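**Q** Below is a structure I'd like to ask you about.
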Amino acid sequence: MNLLRGLKRVYRQYCIQLFCFVIFSTLVFIYTAYPSSERSQYMSSASIHERLSPPVTTEPVAGSLDRKLNKTTSLSTQSPAHVNRTTKDIFNKIQTKNVQHDLTASWNYLRNLHTIVQSLQLIDEDYLRDNSSFFQLRPHVVNSFVPKVIIQAFPLCPEDGPFLLVAVPSVADHTEQREAIRKTWGSLARGGSWPRRSGPSYEMKVVFFLGVLSKANMTELKAESDLYGDIVMGDFVESYRNLTIKMGFVLHWSVTFCANTQHVLKIDEDTFVNMPLLFDLLATISNQRKVYILGHRHTHSKPAVVRYGRWEVDRAAYPLPYFPRYLYGHSYVISHDALSSLLLAFHHMPTVLSEDSHLTGILAKTMNIPRIHCPYFAVISNTNKCRLLEDVVSLTSFRGAKDLLKMWDSIVTGKCE
């Protein structure tokens, strides 16, 4: 009997040792199979610092605005040492945060994130240097209009955040689009999680911003607001020509009612965003600089100003033939420290009725806010929707709520056609 118990004990110890050996061998194989040269390059502080820290000059601003601008236009950056995180540190951060499924998927995710970081470029416009006098704040208030809040979101932002405020310009009768966003990528703001990724919930708040639409059913809209608490309506007419006014309203609301958010993502209703990828990208960039706007720059190296049709720009508001190289309005991120600067410029610069060129071009250049180009932002959906499961941060031009829901099903199943 004692001999039998001894044999059982030896067999049990042998099984435990064999199991440990298999696990250890598997981990060693995965680690060595991945090229060390690529591992050592991830999130290189030199590459990030080189891309995001060229010399920046601040032009003088006239009059009594100097003291305000000392706070709002400072381009505060951290030393390269603060960005010098090893691959292991970053891998552990991502793995414990939202990629706890398996090591292979984690390495693929890290590789995609690295590719995106390596693609970042600061925008410069040599062709506008001779026109620098235009890009200075007017000493008086040019636009004092601040729309009254007719419908207010509740609850408001917490005092310590959130990490990301998502501002979605919407229209009163776009009920289906709003519902689709709440059920898909926006569900993370309501305690949901990204499919096939575990970890803590994301600190984000989604708010739909609306103007007044004459044909809107206010009873239904208020009922929707009471149910979800994510609608803000301003006292201005809803129209395409008022998109710039709407974005001014978004800036004002963010600074007033969500003052401690670390980032604001402006995103259109027809755009889908890969939230885990965006969060880790913003966390990486924020380690390097605090003031920036992130998005996809205009395709043309010198965006021409249109003087006719739907996008007509008044010469009195903007007399130059070319815009600063702005970011496409489908989706872009404004850092916390850039919000108040943009709001100040919104009131002290002539209004151009072209939202993205005005805010991410004219106002950003006036306030010396760095614009960071990321080619993985605002990618047109008809190129390859499946890339949203891999290396695309935001995909745009979805045709409606059904397309958004279909894209979400692909993310849930991990299969895309």
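**Q** Please compute the net charge surrounding P195, taking Lys and Arg as +1 and Asp and Glu as -1 over other residues with Cβ under 13 Å from its Cβ.
**A** Taking every other residue near P195 into account, the sum is +3.
**Q** Once the other residues with Cβ under 15 Å from the Cβ of D409 are scored (Lys, Arg +1; Asp, Glu -1), what is the net sum?
**A** +4
**Q** Please tell me which of these pairs span more than 27 angstrom C-alpha to C-alpha: K183/K246; K205/K385; K215/K365; K148/K290; K246/K365?
**A** K215/K365; K148/K290
**Q** Specify whether the C-alpha gyration tensor of region 260-417 places it in the rounded, prolate or oblate class, a ≥ b ≥ c being the square roots of the eigenvalues: rounded for a/c under 1.5, otherwise prolate if a/b is larger than b/c and oblate if not.
**A** Oblate shape, in that a/c is at least 1.5 and b/c is the bigger or equal ratio.
**Q** To continue, here is another question. Using heavy-atom solvent-accessible surface (probe 1.4 Å) with all chains present, what is the largest-first order of C386, C374?
**A** Sorted descending by solvent-accessible area, the residues read C386, C374.
**Q** With a 1.4 Å probe and every protein chain left in place, tell me how much accessible area W311 has, in Å² to the nearest 10.
**A** The accessible area comes out at roughly 130 Å².
The values are calculated or read from the model by the stated rules, or taken from the named source; none is laboratory data. What you see is a predicted model, and the numbers here were worked out from it, not measured in a lab. Ideal geometry is used to build each Cβ from the backbone, glycine not excepted, and the neighbour counts take in all protein chains shown. Heavy atoms of the whole protein, side chains included, go into the accessibility calculation; ligands, DNA and RNA do not. Shrake-Rupley method; radii C 1.70, N 1.55, O 1.52, S 1.80 Å.
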